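Right, one structure below, let's go through it.
The values are calculated or read from the model by the stated rules, or taken from the named source; none is laboratory data. Keep in mind that what you see is a predicted model, and the values were worked out from it rather than measured. Heads up, the Cβs are rebuilt from the backbone with ideal geometry, glycines too, and the neighbour counts pull from every protein chain shown.
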Amino acid sequence: MCIFSDGFELSSENVKLSGALLILTGPFVVVTGFGVFTGTCGLLAKKLKFGDNFNMTEDLPLTSRSLPIALLRAREKVMGPIRAMLADAGVTEQQWRVLRVLNEEGPQEPTHLADRACLLLPSLTRILQKLEQRGLISRRSHPADRRRQIVKISASGVQVIRANLSVSIAQAERIRSQLGAEKHELLLDLLNDLKDLDP
């Protein structure tokens, strides 16, 4: 039986949680502040009750201090009102990002567009098909290589941006005023620094 109650981080492909039983078998790796320990556990189980002194996440930060969770919560706070605007405009969040990037940066290849719009290339391909069907973008072959494409926002696409510009600006200004201009700019700088970190 392998029971770790001091907040160790456990990594094993042989961990199962079945009802109130934790079953741990086979090889394991335990990472502590004193080093990395490996070994093998036999097939054993321990009945767990709520409040038992068994917590593999004891050393994890509170969710309020967890960067991934904080980013998700902040995103929902920002995107909630924008989703209502996009629903009225008849475009999705992803389509809006594509139109915004094309309107801001001009015609570009899908690979670059996917990166700038924070999308996976296969997802972008489907989004571009829908936007093209609606006449919001156009695609043409690259002048130097016909196997490549150039994507451009259309006049109708620009109109979608312009029609929702005032609402979008108002939402951004609401966040900025509540947060304060200095904190707002600092937050943007920090998020850009985070984006540029090595993977």
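The table that follows gives values for the structure above.
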quantity	calculated
Criterion: touching a helix residue (DSSP H, G or I) at 6+ places or on another chain (Cβ under 6 Å) and on the phi > 0 side of the Ramachandran plot - qualifying residue of Gly90, Gly135	Gly135
Any helices (runs of 4 or more DSSP H) falling wholly within the range 136-196 and containing at least 3 residues that are among the small types (Gly, Ala, Ser) and in contact with a Cys (Cβ under 7 Å, 6 or more places away or on another chain)	none
Check on Pro81, modelled with pLDDT under 90, assigned to a helix (DSSP H, G or I) and under 30 Å from Ala155 (Cα atoms)	yes
Ser154 vs. criteria in contact with a strand residue (DSSP E or B) (Cβ under 9 Å, 6 or more places away or on another chain), assigned by TED's automatic domain parsing to the domain that holds Ala87, hydroxyl-bearing (Ser, Thr, Tyr) and at pLDDT 90 or above	yes
Qualifying positions in the range 61-100 - among the small types (Gly, Ala, Ser), under 17 Å from Leu165 (Cβ atoms) and surrounded by 13 or more Cβ atoms within 10 Å (Cβ to Cβ)	Ala89
Answer residue from the range 111-131, given it is touching a residue at least 24 places away in the same chain (Cβ under 8 Å) and over 17 Å from Gly157 (Cα atoms) and is surrounded by the fewest Cβ atoms within 10 Å (Cβ to Cβ) among those	Ser123
